Protein chains: 2
Amino acid sequence: MPPPTVLIVGLGFMGGSLASALVQAGWSVLLHHRRSEVSARAAALGYGEQILALPDGMGRAQIAVVCTPVSTIVPLVRQLVAMPGQALISDIGSVKGPLCRDLADLSRAGRFIGSHPMAGSHLQGLEHARPDLFQGCTTVITPVPSTPQAGIALIERCWQAVGSRIHRLPPDEHDRAVAEVSHLPHIAAAAVAAGVSDASLALAASGFRDTTRVAAGDPALWADILLSNRLQVAQAIRTTTGRLHELLVLLEQGDAQAVAGWLSQGQLGRQRFELLRHLPAQAEGGGEE
Amino acid sequence: MPPPTVLIVGLGFMGGSLASALVQAGWSVLLHHRRSEVSARAAALGYGEQILALPDGMGRAQIAVVCTPVSTIVPLVRQLVAMPGQALISDIGSVKGPLCRDLADLSRAGRFIGSHPMAGSHLQGLEHARPDLFQGCTTVITPVPSTPQAGIALIERCWQAVGSRIHRLPPDEHDRAVAEVSHLPHIAAAAVAAGVSDASLALAASGFRDTTRVAAGDPALWADILLSNRLQVAQAIRTTTGRLHELLVLLEQGDAQAVAGWLSQGQLGRQRFELLRHLPAQAEGGGEE
């Protein structure tokens, strides 16, 4: 079974990384970007063949992966599905519930399956693309119960080819999970970094460095992500402010044991993460910077 | 001028690291711990000479550094100052205001100067001590206006010998700064890690990993730190919950530009940190893990 041909639509950091990883895995890759100078640059980098007119790419591909900002995905998928061919369409959007509801008819028909590779960087743009980005990362796919098995097998094969582990989740469960492990950390990092005075920064060390790292991410891109998942994100923020108010009360009461108990919940969550992460550590490789 | 003799009181991770670093710099080090098996182990590791009775150490030292938990420092310094000799006493407590007020008479008399090396680890105990811990880190010292210059010069010489940059700050300014760049990041990390479900952890990647790293720290130790700095910490928490409420409103309004603006403040804070940190990058060495 020869590798399918994949059309990548949108050649930023993620799309460029996926294209370069698939080429490295021996797959045929077609490259499209709304600005043709970007797809020309990707082709010059050896990431695949430049496609100027999207219908030409759709006519030749078995899989099309939309790698554009979350809010642009639904209309773009609707355009693609009306083009020639029967390519399975996927995406890499970091929010899945609203998108999969909007595209439910296409999921049932086997034309669309949502994907979300849990990899990324605060660096943006094709020039930072890396073929090893997906090595050892988890990629969530969000088929619906009636999505045909052949499509699921095809998209899983694509992500496995670039080194990903597959994790199937219903779209809403995916969104709650990323609110907790990705969107909330980003918000917390931004809130901590925003409050810091110049005088204080002179004392900032490794704790500040790591806790605020993701706050460097592109604000427009992240606003798009947070708004796309606003219900789950709002819930995660409210849980967090509730926790912070609890700590304020304990500090006011001066109860060392209760403050330690509050901190222990965080320590426990972190320990559960480390435990989970170390179990498959050998298989992980360089997927996470 | 030969290096002075330094008495280290309390041989956990920080005290052990300071002892080993001073020995490596060619200084004479005396080791005391309330449990003699710990000072015996430190001596066996080559970190200095074991001292069983504290007055013997105080009689021989030019500097004594108290490396015990924050809440134990004031009574311990009071004991030390009543012992033989005229050693300058310092500490490594991560909160300075209340402590320096309690010891103001000794600061004026030149017997006490507060120190806080901005280095650490979530690993605890003598067995993790590292002679390079202070290389390139900033150490804050908090003399009062009437502290004699000779004492200031002596404690600066000690921290510089282990590779630290010196930063002089009034105690309360130090406490506000560490609330912002150390205590608040710890609290945010714990709040994010505490809320995570097992199902979500399967999707946790590098963002979660870095944002929550410090939450692994010892809860009892951190409860002690937060309570010692409770006024500044409470202020930092209130500022943060205020910011989070602001974001909730913007998400509800669905205003992408305003959400991006909110995130930009975090990005800017992070960029200011990176800028400050990269300027003296050559001089920093391995001080931060």
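Note on segment B:253-267: residues that are among the β-branched types (Val, Ile, Thr) and either more than 7 Å from chain A (Cβ to nearest Cβ) or under 15 Å from B:SER94 (Cβ atoms) (or both) total 0.
When segment A:144-153 is filtered for residues that are in contact (Cβ under 8 Å) with a residue 12 or more places away in the chain and either of a type in the set (Ser, Thr, Tyr) or assigned to a helix (DSSP H, G or I) (or both), the ones remaining, listed by number, are A:SER146, A:THR147, A:ALA150, A:GLY151, A:ILE152.
Checking each residue in segment B:51-65 for being assigned to a helix (DSSP H, G or I), of a type outside the set (A, V, I, L, M, F, W, C) and closer than 25 Å to B:ALA153 by Cβ picks out B:GLY57, B:GLY59, B:ARG60.
Filtered by the rule that a residue be among the polar types (S, T, N, Q) and touching a strand residue (DSSP E or B) at 6+ places or on another chain (Cβ under 7 Å), segment A:33-67 gives A:SER39, A:GLN50, A:GLN62.
There is no residue in segment B:36-53 that is buried (at least 18 other Cβ atoms within 10 Å of the Cβ) and under 16 Å from B:ILE89 (Cα atoms). May I ask you to verify whether A:PHE208 is of a type in the set (Phe, Trp, Tyr), surrounded by 18 or more Cβ atoms within 10 Å (Cβ to Cβ) and out of contact with any Lys or Arg (no Cβ under 8 Å at 6 or more places or on another chain)? Against the criterion (of a type in the set (Phe, Trp, Tyr), surrounded by 18 or more Cβ atoms within 10 Å (Cβ to Cβ) and out of contact with any Lys or Arg (no Cβ under 8 Å at 6 or more places or on another chain)), A:PHE208 qualifies. If you go through segment B:16-50 and keep only what is in a helix (DSSP H, G or I) and free of Cβ contacts under 8 Å to residues at least 24 places away in the same chain, you end up with B:SER36, B:GLU37, B:ALA40, B:ALA43, B:ALA44. So, A:SER197, is that one within 7 Å of chain B (Cβ to nearest Cβ) and surrounded by fewer than 17 Cβ atoms within 10 Å (Cβ to Cβ) or not? When the stated conditions are applied, A:SER197 passes them.
The single residue among B:LEU221, B:LEU250, B:LEU244 that is part of a helix (DSSP H, G or I), among the aliphatic types (A, V, I, L, M) and within 7 Å of another protein chain (Cβ to nearest Cβ) turns out to be B:LEU244. Out of curiosity, is B:ALA191 outside the structural domain of B:LEU88 (by TED's automatic domain parsing), under 30 Å from A:SER94 (Cβ atoms), buried (at least 24 other Cβ atoms within 10 Å of the Cβ) and at pLDDT below 95? Here the answer is no, as B:ALA191 does not meet what is asked.
Residue-wise test of (1) crowded, with 21+ Cβ neighbours inside 10 Å; (2) assigned to a helix (DSSP H, G or I); (3) within 10 Å of chain B (Cβ to nearest Cβ).
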position: A:ILE155; (1), (2), (3): yes, yes, no
position: A:TRP159; (1), (2), (3): yes, yes, no
position: A:ASP172; (1), (2), (3): no, yes, no
position: A:ALA177; (1), (2), (3): yes, yes, yes
position: A:SER182; (1), (2), (3): yes, yes, yes
position: A:PRO185; (1), (2), (3): yes, yes, yes
position: A:ARG238; (1), (2), (3): no, yes, yes
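Every condition in (1) touching a His at 6+ places or on another chain (Cβ under 8 Å); (2) modelled with pLDDT under 95; (3) at the interface with another protein chain (Cβ under 7 Å from one of its Cβ atoms); (4) buried (at least 22 other Cβ atoms within 10 Å of the Cβ) is met by A:ALA202 except one, and the failing one is (4). From the list B:LEU154, B:LEU106, B:LEU133, B:LEU123, the one residue that fits, being more than 13 Å from B:MET14 (Cβ to Cβ), in contact with a helix residue (DSSP H, G or I) (Cβ under 9 Å, 6 or more places away or on another chain) and assigned by TED's automatic domain parsing to the domain that holds B:GLY46, is B:LEU106. Out of A:LEU99, A:LEU76, one residue alone is touching a residue at least 40 places away in the same chain (Cβ under 8 Å), part of a helix (DSSP H, G or I) and more than 19 Å from A:PHE13 (Cβ to Cβ). It is A:LEU99. Using the structure shown, decide if A:LEU231 is assigned to a helix (DSSP H, G or I), not assigned by TED's automatic domain parsing to the domain that holds A:ILE73 and not small (Gly, Ala, Ser). So A:LEU231 passes the test.
Against the criterion of being free of Cβ contacts under 8 Å to residues at least 60 places away in the same chain, within 21 Å of B:LEU231 (Cβ to Cβ) and under 16 Å from the mean Cα position of the chain (by Cα), B:ASP91 qualifies. Within segment B:215-268, restricting attention to residues that are modelled with pLDDT of 95 or more and β-branched (Val, Ile, Thr), the residue that is farthest from A:ALA193 (Cα to Cα) is B:VAL249.
Against the numbered list (1) surrounded by fewer than 22 Cβ atoms within 10 Å (Cβ to Cβ); (2) among the aliphatic types (A, V, I, L, M); (3) not in a helix (DSSP H, G or I), B:ALA260 comes up short only at (3). The criterion of being modelled with pLDDT under 95 and either under 15 Å from A:ASP91 (Cβ atoms) or within 13 Å of the chain's Cα centre (by Cα) (or both) holds for A:PRO171. Checked against (1) more than 7 Å from chain B (Cβ to nearest Cβ); (2) under 21 Å from A:THR68 (Cβ atoms), A:GLN232 passes all but a single condition, namely (2). I'd like the residue in segment B:187-201 that is β-branched (Val, Ile, Thr) and assigned to a helix (DSSP H, G or I) and, out of all such residues, is nearest to B:LEU133 (Cα to Cα). By that ranking, first place goes to B:ILE187.
The values are calculated or read from the model by the stated rules, or taken from the named source; none is laboratory data. Not measured: the values here are computed from a predicted model. No Cβ is skipped: glycine too gets one built from the backbone with ideal geometry, and neighbour counts run over all protein chains shown.
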